[in-house]
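This report refers to the structure that appears directly beneath it.
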Amino acid sequence: MKEIMITINGKVCTAPEGSTILEAARINNIEIPTLCFLKEINEIGACRMCVVEVKGMKNLITACVYPIREGMEITTNSKKVFKSRKINLELILSTHERKCLSCIRSGNCELQMLCKEFSVDDEDYYNGENLQYDFDDTSVHMYRNDNKCILCKRCVAACSVWQDIGVVGPNDRGFKTHIGSAYEKSLGEVACISCGQCIVVCPTGAIAEKDQTKEVWAALDDPTKHVIVQTAPSTRVTLGEAFNIPIGTNVEGKMVAALRRIGFDKVFDTNVAADFTIMEEANEFIERVQNNGPLPMFTSCSPGWIKYCESYHPELIPNLSSCKSPQQMFGALAKTWYAEKMGIHPKDIFVVGVMPCTAKKFEVTREDEAAAGYSDCDVALTTREVARMIEKAGIRFNDLPDEQFDNPFGEATGAGYIFGATGGVMEAALRTASETLAGHPIDSIDFKEVRGMEGIKEASYEINGTKVKVAAVSGIANAKKIIEKIQSGEEFYHFVEVMGCPGGCINGGGQPVQPASVRNFVDLKTKRAAALYEADKNRGLRKSNDSPIVKLVYKEFLGKPGSEKAHSVLHTSFTKRSEF
Amino acid sequence: MSVKEKVFDFIETESQHQEFEECLNNLQGVQGGQMPALQEAQRIYGYLPVEVLERISKKLDVPLEKLYSTATFYSQFTFVPKGKYTISVCMGTACYVKGAGDILDSYATSLKIKPGETTPDRKFTLESVRCIGACGLAPVITVNEEVYGRLTKKKGDKVLVTYLNQE
């Protein structure tokens with residue numbers, strides 16, 4: 001792209017033609033504050049925090065949406081700019097519930113950070129009439145407190161653009177405008193899929209996951225409970241962000257060490273359960289191909305996607321793989337095979353998941369997920385909650401040594417690792433399916449066409465003489481597109497992987513929150529995913545069917561993949577839900 | 001204006017159903033079809049019941065919340081069905097200074113509803129309106145098409161009683 005000359009704060013510099021003032025300034029190492037701006041999905045110029053002066057223009061300009069032009073003279077740090085931003089902030093703050101001390105976002109609240117920068121105090125200069133909204137804690141996975149909402153509409157954009165669902169939006173007008181659902185229904189009453197994408201983009205504490213750390217501390221405090229924790233594939237490459245470790249760093253060893261120091265009786269790896277998922281899912285796929293369907297088979301590990309399918313496309317329920325997700329498979333095996341092995345009654349085993357996902361909180365409450373007669377998994381914590389537990393426990397995370405997971409669920413194959421990124425489940429399943437069909441070990445196990453961060457990826461493979469067409473999609477808006485293609489008969493696939501969040505679990509709704517100033521300029525998804533593929537590459541074993549623990553449990557307990565026993569422990573069922 | 005609770009059951013006649021289905025069929029696939037759909041719904045049903053908005057949402061593939069958001073933004077839409085008798089109290093300047101406020105308050109107390117609401121039996125809707133151009137009769141109210149002028153609070157209450165006694 002053509003570079004053009006502009007002047008920022010008296011300094012001549014260049015930026016690509018077509019950039020906004022915000023982007024051009026950033027390229028030249030000048031940050032302009034924003035609140036409402038989210039690249040590509042919420043470019044609305046509404047909060048007016050990003051105002052700058054442009055020579056020749058009477059009014060201040062919103063840098064986030066205004067394109068640069070040759071010779072433009074921009075000032076980002078004049079008295080006029082600072083004054084305007086400060087008044088804006090004071091006005092935003094005047095209707096914001098200023099209960100900041102123990103707010104879940106205190107310390108990484110974008111509003112708070114700006115107030116600090118612009119010396120805006122909690123003063124009553126603009127105090128006036130204020131509307132009080134009810135605290136909505138009706139859904140399983142999150143709360144909404146409109147009193148802390150600043151109406152940036154980033155959550156609305158995430159829900160309607162990334163996810164094409166739109167269960168939240170601005171209701172009423174003027175001073176009464178608030179974010180809510182149709183007919184003022186609560187979050188627990190609407191067909192929200194619990195993905196949490198709204199939460200990771202919220203600049204304040206207006207929406208957040210429901211904190212369940214108390215339940216976990218209570219279990220840890222209970223001497224009758226055998227409390228075990230499992231960590232999802234992607235959490236090890238994101239948890240570090242909560243401790244200022246660079247994005248895309250694999251902190252598996254420190255994570256294990258921290259969880260052990262918190263007091264969990266065993267620290268296990270969900271990746272191992274992912275290997276079981278692949279055994280069952282690959283087997284189910286082969287069966288469906290050999291027995292004429294129903295095809296395409298859709299993956300079932302993403303609970304947000306499952307809830308979407310149940311609410312908006314119940315006609316596709318027969319196409320969903322009946323496999324439980326790795327989190328639930330882990331819980332099921334822990335409370336059956338492992339309980340028996342250890343001689344502990346399943347009611348005394350408390351299974352905690354460390355998940356990148358808010359929908360996992362919903363998944364824990366699903367029916368038909370209790371292999372031993374007790375809920376497979378007891379609590380699903382998000383990566384953020386675990387980071388808070390580590391902080392509360394006073395653990396100096398960055399200084400911890402690297403430690404290993406406990407056995408028997410400690411040694412996963414590379415296939416388990418890549419579950420955390422879009423295309424990973426597909427690749428892992430293809431590795432095992434092709435080897436199973438070939439009947440002998442195969443060498444080419446990299447299915448690179450389904451890797452990467454594009455929203456829709458398609459590929460065709462020849463597996464043991466059969467041509468198989470697959471697709472890996474992430475983000476519900478993309479899932480919707482592929483469903484339309486399939487239902488209109490435009491495309492046929494044998495196997496479709498769907499992840500509810502754009503990019504897969506590495507960008508899940510339970511991951512550490514990155515402020516818009518990072519989100520808008522750093523490719524979070526690619527950096528986080530790269531760490532998972534690196535881990536896969538370095539594993540000795542990279543196919544789920546090679547895992548020693550998988551072999552052992554099938555030999556001792558489950559029989560063959562797809563057996564009656566495997567079905568009763570590792571599979572589940574789905575139900576139609578209301579669309580509204 | 002937004003709604004908190006659903007008070008009224010949805011009732012529709014066969015002809016309303018058919019007329020609205022036809023409207024929706026014409027608007028399907030039309031860009032910007034949601035606004036006319038909302039307007040037609042309001043024209044046919046007199047208000048925007050959730051059942052009707054769900055139909056629009058499905059047919060036009062627009063999220064329910066998006067429709068609700070639009071409808072709460074524009075004051076032309078209402079979520080409250082009209083009663084058999086709509087009492088409109090003029091709150092224009094002339095009527096207001098001559099005591100229309102007291103009349104409105106009295107009606108609100110008697111009917112146990114606020115302006116803009118409908119009684120649960122759907123008999124009365126109470127509205128406060130701007131100048132209706134009959135300042136010579138101030139304070140003035142209308143009940144459906146009927147005009148009542150030069151009222152006092154007492155005379156106003158009498159008007160209400162006659163309607164309370166009617167079917």
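The values are calculated or read from the model by the stated rules, or taken from the named source; none is laboratory data. This is a predicted model, so every value here is computed, not measured. All Cβ positions, glycine included, derive from the backbone under ideal geometry; neighbour counts span all protein chains shown. Each accessible area value is taken on the protein alone, full model and side chains, heavy atoms only, with ligands, DNA and RNA left out. Shrake-Rupley method; radii C 1.70, N 1.55, O 1.52, S 1.80 Å.
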Solvent-accessible area per residue, Å², over the range B:1-131 with all protein chains present [probe radius 1.4 Å]: 52 Å²
Model label zone, B:Tyr163; criterion: amide N under 11 Å from point 7 Å along Cα-to-beta-carbon; scope the range B:120-151: B:123-128, B:141-148
Within 10 Å of each Cβ in A:513-521, the average number of Cβ atoms from other chains: 0
Potential lengthening between A:Glu534 and A:Arg69 on full extension [0.36 nm per residue; Cα-Cα distance subtracted]: 163.2 nm
Antiparallel bridge percentage (DSSP; both residues within the range B:36-154; nearest 5): 55 percent
Estimated FRET transfer efficiency (A:Ser573, A:Met57; beta-carbon r; R0 60 Å; 0.05): 0.45
For B:His17, solvent-accessible area (1.4 Å; no DNA, RNA or ligand), Å²: 60 Å²
Accessible surface, 1.4 Å probe, highest first, among residues A:Arg288, A:Arg48: A:Arg48, A:Arg288
D (Stokes-Einstein, µm²/s), Kirkwood Cα radius, the range B:91-144, 0.692 mPa s at 37 °C: 285 µm²/s
Restraint check, B:Lys114/B:Lys155; A:Lys185/A:Lys525; A:Lys551/A:Lys576; A:Lys537/A:Lys576; A:Lys214/A:Lys543, Cα-Cα greater than 29 Å: A:Lys185/A:Lys525; A:Lys551/A:Lys576; A:Lys537/A:Lys576; A:Lys214/A:Lys543
Of all DSSP beta bridges in the range A:3-92, antiparallel share, percent nearest 5: 85 percent
Rg ratio (alpha-carbon, reference 2.2 N^0.38 Å) - chain B: 1.19
Listed pairs A:Lys457/B:Lys59; A:Lys307/A:Lys448; A:Lys210/A:Lys469 exceeding 32 Å between Cα atoms: A:Lys210/A:Lys469
Area projected by the alpha carbon convex hull of the range A:308-355, averaged over all directions, nm²: 4.6 nm²
Shape category assigned to the range A:3-92 from the gyration tensor of Cα positions, a/c cut at 1.5: oblate
Relative intensity, log₁₀ I(q)/I(0), of the range A:214-570 from a Debye sum that treats every alpha carbon as a point, q = 0.07, 0.12, 0.13 Å⁻¹: -0.26, -0.81, -0.97
For the range A:53-165: rounded, prolate or oblate by the Cα gyration tensor [a/c cutoff 1.5]: oblate
Under 18 Å from the Cα of A:Lys58 - lysines, other chains or at least 8 residues apart: A:Lys79, A:Lys80, A:Lys83
Contact order relative to length of chain A, as percent, for alpha carbon pairs under 8 angstrom and 6 or more apart: 16 percent
Dipole of the range A:214-570 [Lys/Arg +1, Asp/Glu -1 at C-beta], most positive-end residue of A:Pro356, A:His313, A:Ala516: A:Ala516
Folded to 0 to 90 degrees: helix A:303-312 orientation relative to chain A principal axis, Cα: 80 degrees
Rounded to 5, percent antiparallel among DSSP beta bridges of chain A: 55 percent
Reciprocal of mean inverse Cα separation for the protein assembly as shown (Kirkwood radius, Å): 28.9 Å
By accessible area with a 1.4 Å probe, ligands and nucleic acids excluded, highest first: order of A:Arg260, A:Arg366: A:Arg260, A:Arg366
Convex hull volume per residue in cubic angstrom - Cα atoms of the range B:14-73: 71 Å³
Per residue, in Å², the accessible surface of the range A:1-65 once ligands and nucleic acids are set aside, probe 1.4 Å: 49 Å²
Exposure ranking of B:Ser57, A:Ser573 by accessible area [1.4 Å probe, largest first]: A:Ser573, B:Ser57
Nearest-10 value in Å² for the accessible area of B:Tyr107, using the 1.4 Å probe: 0 Å²
Contact surface A-B: accessible area buried, both sides summed, square angstrom, 1.4 angstrom probe: 1600 Å²
Diffusion coefficient, µm² s⁻¹, Stokes-Einstein with Kirkwood Rh over alpha-carbon pairs of the range A:240-388 at 37 °C and 0.692 mPa s: 195 µm²/s
